[in-house]
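J.: Handing you a structure now.
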Amino acid sequence: MTLTRIDGSDPVAEGDSRGAMFRIDGSQPVGDFLPVNYRLGGTAAAPFYQQPEDYRLEMRLDGRWYTMSVYRGTPFFDLYEVPLVLRVVPLLDTVMEGDETVTLDLVAGDGYELGSPSAAEMIIEDGVEPVAVSFAEAASTADEDGGTRSITVNLTPAPSSAITLAYTVGGTAAAGADYDIAGLVGSEGTVAVSPGQTSVSIDVALTDDGLHEGKETVVLELAAGIGYEGKGRKVHTLTIVDNDDPPLPAVSVAGGSSVTEGGTATFTLSASPAPSAAVTVQVAVTDSGSFAVGGQTGPRQVSVGADGTGTLTVATASDGVDEPNGAVTATITDGVGYAPHVTEGTASVAVSDDDPTVVTLSAPAGDVAETGGTKVLTVGLDRALVAPEALAVPLVFGGPATRGVDYTLSCGQAAGVACQDLDGAAPNIVFTGQAGASRTATLTLAASADGIDEGAGERVEVALGGLDGNSGTQLSG
């Protein structure tokens, strides 16, 4: 058993009583009639319980058309003869619903077999002209603190039944952050239109966010839907004018390479974002030693141009005075037209001293007796060292007297002082910078009574060895 549409494939308009014709072919039924199962589908509403909405289903018998009763579940009709012609008659209504479809399928049952084709389809053209929709304006502008902006959509003619107008949203502004539209899901929204309305509005609630962003846009575009079609202005662009001042440039400072006293310390100032015009940046310059030339420390001013950079230089003096290595530090302070960088507002340039640390050796005059005689030697620096400075002072022992035989050495206790290898080949005294460090070290030379007649007294010669490049740590001079 087969089912085909016999009047072509063209759509049928609502209210066209000619409808669409379908023919059922097959073997002549045995007996008076044969129940045949079928199924109605498509987007049009089926005429269940003899209450047609979009169409009615008819059967032709003995030259006349009879309306068929359609029941839910698996409906059937009695086949008395073949071929049998069925007709779908679209009904005229006033509802804008767009084109709809009707499908008719034969369903397997007892007493017959399905052939091919066993299904057919028709299209019902909506008899109500779609409403033309367009934006009242192609563009508009609103201040960020302007509250809610209503974008008007015009409808011509007014719809005779309710429709749902769909639209999409794009642009550079961010939904939920820069604006809100009720019911917006992702980038898609809808507006309900009641019968008789000639205009509706899409309300865009603007957010005054306190952020400098420049101008941003909300782009609304009408989307396709049932019962209407876009005409003319289908896109509206809403420009949001920012009402927030641009952020102040954050000024940071970076120090250049380290210098030796007498050189020039250089600092680079950077502003982000770059100012539109040059700004005068206030800088506090400090010196951890006494390196900076007079007038170079204290409040300073640096011009940072529209390129976002500026340079500060601090001259240092070669003063001929031994002192700890230090640094020159520049700190951005508050001013007009900028803000100090939160984490990069201070920088330092290391300054190395180039003056030598003076080391002296002294001892009281006079000889010592072999039995119980002692003499205290003092090794002194011209200043106490500070952390992390350290200086190893080598000692040289000479003369006829033999160290460890004719005399012994012991080291006095003092903060930051240590004696090394006093009985060995490389005796030295190490001065280390620390809190309360001593600038002097003492060595006690004690004569040894050896019971040997050695004639005239023996002599001990003690001298400071030469300092080389490895004798000092963090000491530049």
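The values are calculated or read from the model by the stated rules, or taken from the named source; none is laboratory data. All values reported here derive from a predicted model rather than from experimental measurement. Every residue, glycine among them, receives a Cβ derived from its backbone with ideal geometry; neighbour counts consider all protein chains shown.
J.: If you check residue 232 against the conditions, is it in a loop (DSSP other than H, G, I, E, B) and closer than 29 Å to residue 387 by Cα?
T.: Considered against the rule, which asks whether it is in a loop (DSSP other than H, G, I, E, B) and closer than 29 Å to residue 387 by Cα, residue 232 comes out as no.
J.: Of the conditions (1) among the small types (Gly, Ala, Ser); (2) farther than 30 Å from residue 128 by Cα; (3) without any contact (Cβ under 8 Å) to a residue 40 or more places away in the chain, residue 8 fails just one. Which one is it?
T.: It fails just one condition, (2).
J.: Identify, from the list 468, 450, the residue that is within 23 Å of residue 324 (Cα to Cα), modelled with pLDDT under 90 and acidic (Asp, Glu).
T.: 468
J.: Is there any pair with a first residue in segment 432-445 that is more than 26 Å from residue 375 (Cβ to Cβ) and in contact (Cβ under 8 Å) with a residue 40 or more places away in the chain and a second that is outside any loop (DSSP other than H, G, I, E, B) and β-branched (Val, Ile, Thr) whose Cβ atoms are under 6 Å apart and which are 6 or more apart or on different chains, and what are they?
T.: Filtered contacts from segment 432-445: no entries.
J.: Output the residues belonging to segment 327-356 that are farther than 22 Å from residue 273 by Cβ, touching a residue at least 60 places away in the same chain (Cβ under 8 Å) and in a strand (DSSP E or B).
T.: Passing the criteria: 328, 348, 349, 350, 351, 352.
J.: Pick out, from segment 149-228, the strands (runs of 3 or more DSSP E) lying fully within it that include 3 or more residues that are over 30 Å from residue 126 (Cα atoms) and among the β-branched types (Val, Ile, Thr).
T.: Answer list for segment 149-228: 216-222.
J.: Of the residues that sit in segment 46-62 and are of a type outside the set (Asp, Glu) and at pLDDT 90 or above, which one is farthest from residue 13 (Cα to Cα)?
T.: That would be 61.
J.: Just checking, does segment 232-250 include any residue being among the basic types (Lys, Arg), in the same structural domain as residue 197 (by TED's automatic domain parsing) and on the phi < 0 side of the Ramachandran plot?
T.: yes
J.: I'd like to check something: does segment 317-330 contain any residue that is at positive phi and within 41 Å of the chain's Cα centre (by Cα)?
T.: no
J.: I'd like to know if segment 239-254 contains one or more residues that are over 21 Å from residue 342 (Cα atoms), part of a strand (DSSP E or B) and more than 28 Å from the chain's Cα centre (by Cα).
T.: Scanning segment 239-254 turns up no residue that is over 21 Å from residue 342 (Cα atoms), part of a strand (DSSP E or B) and more than 28 Å from the chain's Cα centre (by Cα).
J.: If you don't mind, there's one more thing I want to ask. State which residue is modelled with the lowest pLDDT when the search covers only segment 325-359 and only residues that are loosely packed, with under 15 Cβ neighbours inside 10 Å and touching an Asp or Glu at 6+ places or on another chain (Cβ under 8 Å).
T.: Looking at residues that are loosely packed, with under 15 Cβ neighbours inside 10 Å and touching an Asp or Glu at 6+ places or on another chain (Cβ under 8 Å), I get 356.
J.: Identify, by number, the condition in (1) more than 30 Å from residue 161 (Cβ to Cβ); (2) touching a residue at least 24 places away in the same chain (Cβ under 8 Å); (3) surrounded by fewer than 13 Cβ atoms within 10 Å (Cβ to Cβ) that residue 176 doesn't meet.
T.: (2)
J.: Next question. Which members of segment 99-122 meet the condition of being buried (at least 18 other Cβ atoms within 10 Å of the Cβ) and within 54 Å of the chain's Cα centre (by Cα)?
T.: Scanning segment 99-122 gives 100, 102.
J.: I'd like the full set of residues that are touching a residue at least 24 places away in the same chain (Cβ under 8 Å) and among the small types (Gly, Ala, Ser), limited to segment 408-431.
T.: 410, 412, 414, 416, 426
J.: Quick one: which residue in 27, 9 is loosely packed, with under 13 Cβ neighbours inside 10 Å, within 60 Å of the chain's Cα centre (by Cα), not assigned by TED's automatic domain parsing to the domain that holds residue 159 and not in a strand (DSSP E or B)?
T.: Within the list 27, 9, the selection yields 9.
J.: On to the next question. Restricting the search to segment 1-43, which residues are within 15 Å of residue 120 (Cβ to Cβ) and among the aliphatic types (A, V, I, L, M)?
T.: Within segment 1-43, 1, 3, 6, 12, 20, 21, 24, 36, 40 meet the criteria.
J.: Within 22 Å of residue 463 (Cα to Cα), of a type in the set (A, V, I, L, M, F, W, C) and in contact (Cβ under 8 Å) with a residue 12 or more places away in the chain: does that describe residue 363?
T.: yes
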